Amino acid sequence: MLKNMDSAIISNKRIADCIYEMVLFCPDADLKEFVPGQFADIEIPNRKDLILKRPLSINKVNVEEKMVTLIYQLVGEGTNSLIELKPNDSLKAILPIGRGFHLASEQKDVMLVGGGVGIAPLYTVIQRWPDKNYDVYLGYRGIDCAYCMDDFKEACSDVCVTSNDGTIGEKGFVTEALSKRLKNKKPDVILTCGTLPMLKSLKAVVGDVPVQASLEQRMGCGFGACAACVCGIKNKDGFEYKKVCTEGPVFDLAEVQL
Ligand code: FES
């Protein structure tokens with residue numbers, strides 16, 4: 001049963017161009033069961049006109065301290081209200097929810113591929129499964145949008161950074177760098193999160209490597225009641241619509257209709 005829980009804001013700050021980090025104290029959340037790729041559904045405080053919650057990525061989880069770090073992009077009125085919130089303000093949140101990534105014990109070599117705000121949830125994969133061998137690919141628009149790089153570099157020795165404008169890392173799309181790497185090395189699995197164009201490019205270069213993709217879908221209710229978040233997923237008869245909020249956000253990329 002999903003609980004809309006009171007959470008206190010510890011900090012809320014801009015960390016890159018249009019990217020914000022909010023740390024929440026969530027005393028009632030069951031964080032022991034957190035699975036990387038799960039997200040938080042946040043109510044916008046003091047805005048009765050904005051009735052829909054906003055799905056935000058979970059970037060770090062501290063089970064002992066009952067704290068969760070969220071990363072979000074400033075994209076509209078809801079997030080514009082969120083950036084005004086200060087430490088000690090409170091909000092209601094449902095978290096952690098959704099179906100996240102899974103790694104089998106035999107899947108040792110893992111590539112993480114993130115683009116823009118989609119980089120945020122991938123860090124929890126390393127937190128949860130620190131004993132895997134990671135190759136990390138982080139794609140940003142440019143240096144002003146870069147965040148979380150140091151976290152990944154501290155945790156992994158193989159981190160490739162790309163930017164569309166060449167102001168940081170290799171110039172080009174993250175999928176171009178990945179494509180070159182896949183010619184020499186095949187991981188057991190790729191875990192990814194990013195925009196639909198990025199996922200399309202990824203699908204075109206991965207060959208037979210299994211890919212789990214977290215979809216950045218617009219949502220309504222966040223708990224399976226409104227069907228605002230559906231996406232087409234292949235089945236034996238063609239495809240069916242699945243709800244990203246409850247049946248995702250993580251799906252096998254090969255099954256997703258892009
Ligand atoms: Fe309402 Fe998914 S957001 S069903």
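Evaluate segment 170-233: find the radius of gyration of its Cα atoms, find its Kirkwood radius, and give the ratio Rg to Rh.
1.07
Using unit Cβ charges (K, R positive; D, E negative) and no other charged atoms, how large, in debye to the nearest 20, is the dipole of segment 189-258 about its Cα centre?
Dipole magnitude for segment 189-258 comes out near 140 debye.
Suppose R0 equals 41 Å; then what is the FRET efficiency for Gln127 and Asn235 from their Cβ-Cβ distance, rounded to the nearest 0.05?
0.80
In this model, which of Lys53/Lys243; Lys53/Lys92; Lys153/Lys180 are farther than 19 Å apart at the alpha-carbon? Intermediate results must be reported in sequence, preceding the final value.
On the way: Lys53/Lys243 16 Å; Lys53/Lys92 9 Å; Lys153/Lys180 21 Å.
Correct reply: Lys153/Lys180.
Work out the charge dipole of the chain with +1 on the Cβ of Lys and Arg and -1 on the Cβ of Asp and Glu about the Cα centre, then indicate which of Ser214, Cys148, Asn235 is farthest towards its positive end.
Of the options given, the answer is Asn235.
Out of the total accessible area of segment 1-82 (probe 1.4 Å, heavy atoms of protein only), what percent is carbon and sulfur?
Using a 1.4 Å probe with all protein chains present, segment 1-82 comes out at 50 percent carbon and sulfur.
At a 1.4 Å probe radius, which order do Ser7, Ser201 fall into by accessible area, largest first?
Ser201, Ser7
Let me check something: with ligands and nucleic acids excluded, how do Lys185, Lys53, Lys171, Lys236 order by accessible area (1.4 Å probe), largest to smallest?
Correct descending sequence by accessible area is Lys236, Lys171, Lys185, Lys53.
Within the chain, what is the longest stretch that has no GluC sites (Glu not before Pro) placed in a DSSP loop and near at most 15 other beta-carbon atoms within 10 Å? Intermediate values should be presented prior to the final figure.
Working: sites that count: Glu64, Glu65, Glu84, Glu106.
Looking at the chain, 107-258 is the longest stretch - no exposed GluC sites (Glu not before Pro) with at most 15 other Cβ atoms within 10 Å.
How big is segment 1-153 on each of its three principal axes, counting only the C-alpha atoms and giving the largest first in Å?
Projected onto the principal axes, the Cα atoms of segment 1-153 cover 48, 39, 24 Å.
With the contact rule set at Cα under 8 Å and sequence spacing of 6 or more, what percent relative contact order holds for segment 159-245?
17 percent
Roughly to the nearest percent, how much of the accessible area of segment 165-240 is carbon and sulfur, given a 1.4 Å probe?
Taking all protein chains in place, segment 165-240 shows 54 percent carbon and sulfur surface.
For all pairs of alpha-carbon atoms in segment 106-258, what percent lies in each bin of width 10 Å, listed from the first bin to the last filled one?
11, 40, 34, 14, 1
Could you work out the helix-only [θ] at 222 nm for the chain, with each DSSP H run of four or more residues adding -39,500 (n - 2.57) and the total divided by the number of residues, to the nearest 500 deg cm²/dmol?
Taken over the chain, the calculation gives -4000 deg cm²/dmol.
Using the Cα gyration tensor of segment 95-192, with a ≥ b ≥ c the square roots of its eigenvalues, what is the shape: rounded (a/c below 1.5), prolate (a/b larger than b/c) or oblate (neither)?
oblate
Which sequence of Ile51, Ile94 reflects their accessible areas, 1.4 Å probe, from the largest down?
On the way: Ile51 140, Ile94 10 Å².
From most exposed to least exposed: Ile51, Ile94.
What does the charge count near Asp188 come to, summing +1 for each Lys or Arg and -1 for each Asp or Glu among other residues with Cβ under 13 Å from its Cβ?
Summing Lys/Arg as +1 and Asp/Glu as -1 gives 0.
With every protein chain present, what is the per residue accessible area of segment 149-206 (1.4 Å probe, Å²)? Each step should come with its number before you reach the end.
Working: 3070 Å² over 58 residues.
Roughly 53 Å² per residue, with all protein chains present.
Enter the Cα centre distance for the pair segment 60-101 and segment 157-189, rounded to the nearest angstrom.
29 Å
When all C-alpha to C-alpha distances in the chain are sorted into bins of 5 Å, what percent of pairs does each bin hold, rounded to whole numbers?
Taking all Cα pairs of the chain, the binned fractions are 1, 6, 13, 18, 20, 17, 13, 8, 3, 1, 0 percent.
Per residue, how much accessible area does segment 39-88 show when a 1.4 Å probe rolls over the protein heavy atoms, in square angstrom?
52 Å²
Given charges of +1 on the Cβ of Lys and Arg and -1 on the Cβ of Asp and Glu, with all other atoms neutral, how large is the dipole of segment 12-91 about its Cα centre, in debye to the nearest 20?
140 debye
For Lys13, go through the aspartates and glutamates and keep the ones whose alpha-carbon is under 14 Å away, minus same-chain ones fewer than eight residues off.
Leaving aside aspartates and glutamates fewer than 8 places away in the same chain, those within reach of Lys13 are Glu21, Glu84, Asp89.
Using only Cα atoms, tell me the angle between helix 196-205 and the longest principal axis of the chain; keep it within 0 to 90° and round to the nearest 10.
Helix 196-205 sits at roughly 20 degrees to that axis.
The values are calculated or read from the model by the stated rules, or taken from the named source; none is laboratory data. Here the structure is a predicted model, which is why all the values come from computation and not from measurement. Note: ideal-geometry Cβ built from the backbone for every residue, glycine included; neighbour counts use all protein chains shown. When the accessible area is computed, the model is the full protein with side chains, heavy atoms only, and any ligands, DNA or RNA have been set aside. Shrake-Rupley method; radii C 1.70, N 1.55, O 1.52, S 1.80 Å.
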